[in-house]
1. Just one of (1) surrounded by fewer than 17 Cβ atoms within 10 Å (Cβ to Cβ); (2) in a helix (DSSP H, G or I); (3) under 15 Å from the mean Cα position of the chain (by Cα) trips up Gly82, so point out which.
2. Could you list all residues from segment 85-123 that are within 27 Å of Glu35 (Cα to Cα), of a type in the set (A, V, I, L, M, F, W, C) and assigned to a loop (DSSP other than H, G, I, E, B)?
3. Anything in segment 51-79 that is among the polar types (S, T, N, Q) and buried (at least 17 other Cβ atoms within 10 Å of the Cβ)? List them, or say none.
4. Quickly run through segment 30-50 and pick out the residues that are buried (at least 16 other Cβ atoms within 10 Å of the Cβ) and closer than 19 Å to Ala123 by Cβ.
5. What's the number of the condition Leu130 fails, among (1) among the aliphatic types (A, V, I, L, M); (2) in contact with a helix residue (DSSP H, G or I) (Cβ under 8 Å, 6 or more places away or on another chain); (3) in contact (Cβ under 8 Å) with a residue 60 or more places away in the chain; (4) more than 17 Å from Ala6 (Cα to Cα)?
6. Kindly evaluate Ala84 against the criterion of being at negative phi and touching a Ser or Thr at 6+ places or on another chain (Cβ under 6 Å).
7. Working carefully through the options Ala138, Ala103, find the one that is under 25 Å from Pro7 (Cβ atoms) and in contact (Cβ under 8 Å) with a residue 40 or more places away in the chain.
8. Pick out the one residue from Glu128, Glu104, Glu98 that is under 17 Å from Leu19 (Cα atoms), in contact with a strand residue (DSSP E or B) (Cβ under 6 Å, 6 or more places away or on another chain) and surrounded by fewer than 15 Cβ atoms within 10 Å (Cβ to Cβ).
Amino acid sequence: MKALFAPAVISESFDLLVLGGPTHAFSMTRPSTREDAFRQGATQGSTTIGLREWLEHLFGGSHSELVATFDTRVAKVRHLPGSAAKGAAKIALKLGYEVAVPAESFYVEDVRGPLLEGELSRARAWGERLGAQAAVRAVERGVS
């Protein structure tokens, strides 16, 4: 399987589209929340384009690809409502994609990170399950 990292245009065929980003202000990031995250010490990411803006460029219709969404969330607000992953899944459904699994959240200590203990292993296991599911689907569709 080939991983694509936020291309401006999806021009290649794929079986699984994995979308992820941090949850800011109960949803996908906005320019203002990304700038605020950098002011609070974030060291990675973009202040210009995020998942929300990228999804605006995808086209609707009928898609054969599966979509899986994840987000990162600060652990101390783990029980607050809202999720970038759930928002991205909702948009993907509206665009005609089939959601492979429920949205998943992975927890970080604070804006700067790091992932909490055990979260990287949990993310790897989630990714392995997604890869296996996409491989089975590709075989069923006659694609290798």
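1. (2)
2. If the condition is that a residue be within 27 Å of Glu35 (Cα to Cα), of a type in the set (A, V, I, L, M, F, W, C) and assigned to a loop (DSSP other than H, G, I, E, B), then Ala103, Val111, Leu116 are the ones that fit.
3. Residues of segment 51-79 that are among the polar types (S, T, N, Q), as a first pass: 62, 64, 69, 72.
Selection gives Thr69, Thr72.
4. Listed by number, the list holds a single entry, Ala42.
5. All conditions pass for Leu130, except number (2).
6. On the way: at negative phi: yes; touching a Ser or Thr at 6+ places or on another chain (Cβ under 6 Å): yes.
Judged against the criteria, Ala84 is a match.
7. Exactly one of Ala138, Ala103 is under 25 Å from Pro7 (Cβ atoms) and in contact (Cβ under 8 Å) with a residue 40 or more places away in the chain, namely Ala138.
8. Values: Glu128 fails: in contact with a strand residue (DSSP E or B) (Cβ under 6 Å, 6 or more places away or on another chain); Glu104 fails: surrounded by fewer than 15 Cβ atoms within 10 Å (Cβ to Cβ).
Sole residue among the options that is under 17 Å from Leu19 (Cα atoms), in contact with a strand residue (DSSP E or B) (Cβ under 6 Å, 6 or more places away or on another chain) and surrounded by fewer than 15 Cβ atoms within 10 Å (Cβ to Cβ): Glu98.
No value in this document is a laboratory result; all are computed from the given coordinates. The model shown is predicted, which means the values in this text are computed figures rather than measured ones. All Cβ positions, glycine included, derive from the backbone under ideal geometry; neighbour counts span all protein chains shown.
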